[in-house]
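All remarks here apply to the structure that follows.
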Amino acid sequence: MAIDPDRTGSLKNVILSLFLASLAGAAILMGATILEGLQFADTGGRPDAYSMVMFVLTLLFFATPIMALVVIPVGVGAWAGLSRAGLWRIWIVIPGAVLIGYGASLLIPFIPDVVLVSQLPSPTREIATMLSAALTGILLWRGARPAGDVSGEQGLAD
């Protein structure tokens, strides 16, 4: 049973959505480090130009690729599995993504302390990862929909 292209979006759209979700998820997690006062601690909480440039470069070239290493394979697998089973519905993707995000929040403390996200306290870390995962689920669902589907209720009449 192959993936039906009439019921799902293209793999290119799915991967693009997942890459954008990786960028957004990295921004959410790094934003949480700013809220907790970890990100710009060296400059007394007030970022200077160098700190801001380093923050953006870290976001683009460190945090986003690391997120992509996790988000893209899991997202493509979820897309393929749910499409094959005919279960591509927003109410399945979003709660599933949030559960994955909660599970990821439990693994973050095991990251080496050099990465500031590992130093986030528990409630902030869990909220940030679950928000990041929910956004990933929304973007994945959006990218996986067929081009002509505007209702979001594809496959209900089948």
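The values are calculated or read from the model by the stated rules, or taken from the named source; none is laboratory data. Quick caveat: nothing in here was measured; it's all calculated off a predicted structure. Don't worry about glycine lacking a Cβ; one is built from the backbone with ideal geometry, like all the others, and counts go over all protein chains shown. What goes into the accessible areas is simple: the full protein's heavy atoms, side chains included, and nothing from ligands, DNA or RNA. Shrake-Rupley method; radii C 1.70, N 1.55, O 1.52, S 1.80 Å.
Structure notes:
- Taking packing as the residue-averaged number of other Cβ atoms within 10 angstrom, the listed peptides 81-90, 47-56, 16-25 run from highest to lowest as 16-25, 81-90, 47-56.
- Within the listed set LEU131, LEU140, LEU106, the Gaussian network model of the chain (springs between alpha-carbon atoms below 10 Å) gives the highest mean-square fluctuation for LEU106.
- Using just its DSSP H runs of length 4 or more, each adding -39500 (n - 2.57), the chain gives a mean residue ellipticity at 222 nm of -21500 deg cm²/dmol after division by all residues.
- Surface per residue (accessible, 1.4 Å probe) for the chain, Å²: 57 Å²
- The largest-to-smallest principal axis extents of the Cα set in the chain are 59, 28, 24 Å.
- Across segment 35-44, coupling constants 3J(HN,Hα) worked out from phi with the 6.51/-1.76/1.60 Karplus curve, θ = phi - 60°, read 4, 8, x, 8, 5, 10, 5, 5, 9, x Hz, and Gly and Pro carry x.
- For segment 92-103, putting each phi into the Karplus relation 6.51 cos²θ - 1.76 cosθ + 1.60 with θ = phi - 60° gives couplings of 9, 5, 5, x, x, 5, 5, 5, 5, x, 5, x Hz, in residue order, rounded to whole numbers and with x for Gly and Pro.
- Within the accessible area of segment 1-149, the carbon and sulfur atoms contribute 74%, probe 1.4 Å, all protein chains present.
- If R0 equals 35 Å, the separation of the Cβ atoms of ILE90 and ASP113 corresponds to a calculated FRET efficiency of about 0.40.
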